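Since the structure comes first, as structure tokens, the remarks are kept for the end.
The values are calculated or read from the model by the stated rules, or taken from the named source; none is laboratory data. The shown structure was predicted, so the numbers you read here are calculated from the model rather than taken from an experiment. Cβ sites come from the backbone with ideal geometry, for glycine too, and all protein chains shown count toward neighbours.
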Amino acid sequence: MGIFALVTGRPGPSGFGSASTAEQVTEGVDASNLTAIVTGGASGIGLETARVLALRRAHVIIAARNIEAAKEAKQLILKDNLSARVDVLTLDLCSIKSVRAFVDSFNALDLPLNLLINNAGVMFCPHRLSEDGIELQFATNHLGHFLLTNLLLEKMKNTARTTGVEGRIVNLSSIAHVHTYKDGIHFDNINDRISYNDKRAYGQSKLANILHANELSRRLQEEGVNITVNSVHPGLIMTPLMRHSALLMRTLKLFTFWIWKNVPQGAATTLYVALHPKLKGVTGKYYVDCNEMKPSSYARDEKLAKKLWDFSNKLIDGASKS
Ligand SMILES: NC(=O)c1ccc[n+]([C@@H]2O[C@H](COP(=O)([O-])OP(=O)(O)OC[C@H]3O[C@@H](n4cnc5c(N)ncnc54)[C@H](OP(=O)(O)O)[C@@H]3O)[C@@H](O)[C@H]2O)c1
């Protein structure tokens with residue numbers, strides 16, 4: 001899949017390509033036996049992901065920090081699909097306390113969990129620390145999802161074991177993972193203000209999304225667990241994600257309009273990886289335009305993935321104690 005396929009929308013080996021929509025890639029799929037959590041499901045790609053999962057009859061939990069926006073998203077989905085099963089729960093990924101509270105609230109619902117879509121994200125923010133004292137893009141895009149996934153894993157394993165249905169975890173990464181700091185991840189100065197670069201910090205967090213997916217996939221395979229973990233780049237889509245770089249992105253779009261997608265196309269790769277029967281048993285891979293792609297060499301570095309895993313656990317332990 002190269003630039004020609006991206007521009008023309010020509011399908012790749014999967015039968016889908018950059019022009020495919022979330023509805024097209026899930027045509028005929030019955031997800032009525034599935035429960036899914038979509039983080040950041042109140043806007044952009046996450047909202048379309050939640051809508052199409054509900055259209056395919058999955059029970060969808062929209063996890064959002066802005067609960068009013070999440071309720072509006074639910075109403076929007078119900079407007080065209082009266083039988084949609086959608087619930088909303090509060091989740092602020094840049095707060096360890098909020099992630100733990102979300103998991104408690106979800107567990108209290110006593111639902112199974114088949115699909116976890118780690119979709120929420122922020123991009124190109126000015127330097128800021130989370131309430132736990134961790135750089136905001138790393139805290140939101142990677143660390144919050146890392147903790148959330150770990151806390152939900154027993155539930156997902158139980159669901160997969162008792163139902164015999166494969167669980168799937170999808171991490172929303174980005175092609176921006178290639179534009180990171182030298183050495184990949186700033187382990188020694190993750191919070192440093194002086195060396196902070198908003199673009200590289202975003203790239204670093206998106207690299208972390210792939211490394212997290214790969215290391216978790218490896219661990220689950222070792223355990224023989226029936227859960228797959230993959231990462232995706234959704235394409236370039238104008239969404240509220242661009243709020244910190246609106247002018248830059250609008251200018252970029254003027255000159256590169258032919259490679260931009262709309263939101264239904266932007267959600268296609270997530271939905272393909274989450275629901276398509278062809279992907280049964282496929283794990284530890286990276287998808288772009290609904291086709292497998294090779295990510296950067298850092299993203300394929302197993303030692304880096306293990307180091308990030310330990311580093312993330314230490315950050316969470318440290319923040320939980322203070
Ligand atoms: N759009 C693109 O071109 C593009 C390209 C590559 C990758 N991606 C990735 O795709 C994913 C979805 O992005 P999008 O384009 O759909 O952007 P979006 O519309 O801004 O969606 C991101 C969602 O994440 C939520 N979020 C942000 N911080 C959060 C926090 N601390 N806790 C919980 N939720 C939080 C946002 O909620 P609020 O509304 O409250 O901020 C929003 O609902 C992101 O991971 C992004 O990195 C997007």
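Given the structure, is THR269 among the polar types (S, T, N, Q) and in contact with a strand residue (DSSP E or B) (Cβ under 7 Å, 6 or more places away or on another chain)?
Considered against the rule, which asks whether it is among the polar types (S, T, N, Q) and in contact with a strand residue (DSSP E or B) (Cβ under 7 Å, 6 or more places away or on another chain), THR269 comes out as yes.
Can you name the condition, by its number, that PHE138 falls short on among (1) crowded, with 18+ Cβ neighbours inside 10 Å; (2) touching a Ser or Thr at 6+ places or on another chain (Cβ under 6 Å); (3) not in a helix (DSSP H, G or I)?
(3)
Would you mind stating whether HIS212 is over 18 Å from the mean Cα position of the chain (by Cα) and either surrounded by fewer than 18 Cβ atoms within 10 Å (Cβ to Cβ) or not in a loop (DSSP other than H, G, I, E, B) (or both)?
no
If a residue has to be in a helix (DSSP H, G or I), of a type outside the set (A, V, I, L, M) and under 16 Å from ARG218 (Cβ atoms) to count, how many in the range 272-322 make the cut?
Qualifying residue count, the range 272-322: 8.
Out of ASN114, ASN141, ASN118, which single residue is modelled with pLDDT of 95 or more, touching a helix residue (DSSP H, G or I) at 6+ places or on another chain (Cβ under 7 Å), away from the ligand (no atom under 12 Å from the Cβ) and among the polar types (S, T, N, Q)?
Result: ASN114 is the single residue among ASN114, ASN141, ASN118 that is modelled with pLDDT of 95 or more, touching a helix residue (DSSP H, G or I) at 6+ places or on another chain (Cβ under 7 Å), away from the ligand (no atom under 12 Å from the Cβ) and among the polar types (S, T, N, Q).
For the range 149-183, what are the residues that are within 13 Å of the ligand (Cβ to nearest atom) and within 12 Å of the chain's Cα centre (by Cα)?
Result: VAL170, ASN171, LEU172, SER173, SER174.
Restricting to strands (runs of 3 or more DSSP E) lying wholly in the range 17-106: which have 2 or more residues that are over 17 Å from the mean Cα position of the chain (by Cα)?
Ranges flagged: 85-90.
Within the range 217-244, which residues are part of a helix (DSSP H, G or I) and within 16 Å of the ligand (Cβ to nearest atom)?
PRO240, LEU241, MET242, ARG243, HIS244
All but one of (1) part of a helix (DSSP H, G or I); (2) more than 22 Å from LEU55 (Cα to Cα); (3) among the hydroxyl-bearing types (Ser, Thr, Tyr) hold for THR269, so report the exception by its number.
All conditions are met except number (2).
For the range 145-185, what are the residues that are within 22 Å of VAL288 (Cα to Cα), free of Cβ contacts under 8 Å to residues at least 60 places away in the same chain and assigned to a helix (DSSP H, G or I)?
Scanning the range 145-185 gives a single hit, ALA176.
Just give me the residues in the range 18-43 being in contact with a strand residue (DSSP E or B) (Cβ under 7 Å, 6 or more places away or on another chain) and over 25 Å from ALA160 (Cβ atoms), in sequence order.
Selection gives SER18, ALA42.
Are there any pairs with C-beta distances below 9 angstrom linking a residue in the range 19-47 that is closer than 24 Å to GLY121 by Cα and within 12 Å of the ligand (Cβ to nearest atom) to a residue that is in a loop (DSSP other than H, G, I, E, B) and among the β-branched types (Val, Ile, Thr), with the two at least 6 apart or on different chains, and if so which?
SER43/THR239; GLY44/THR239; ILE45/THR239
Return yes or no: is VAL60 crowded, with 17+ Cβ neighbours inside 10 Å, within 18 Å of ASN118 (Cα to Cα) and not polar (S, T, N, Q)?
yes
Counting only residues that are within 11 Å of the ligand (Cβ to nearest atom) and farther than 14 Å from PHE124 by Cβ, which one in the range 249-261 is nearest to the chain's Cα centre (by Cα)?
Checking each candidate, the answer is LYS261.
For the list (1) within 22 Å of MET242 (Cβ to Cβ); (2) among the aliphatic types (A, V, I, L, M); (3) under 21 Å from the mean Cα position of the chain (by Cα), I need the number of the one condition that VAL7 fails.
Here VAL7 meets the rest and fails (3).
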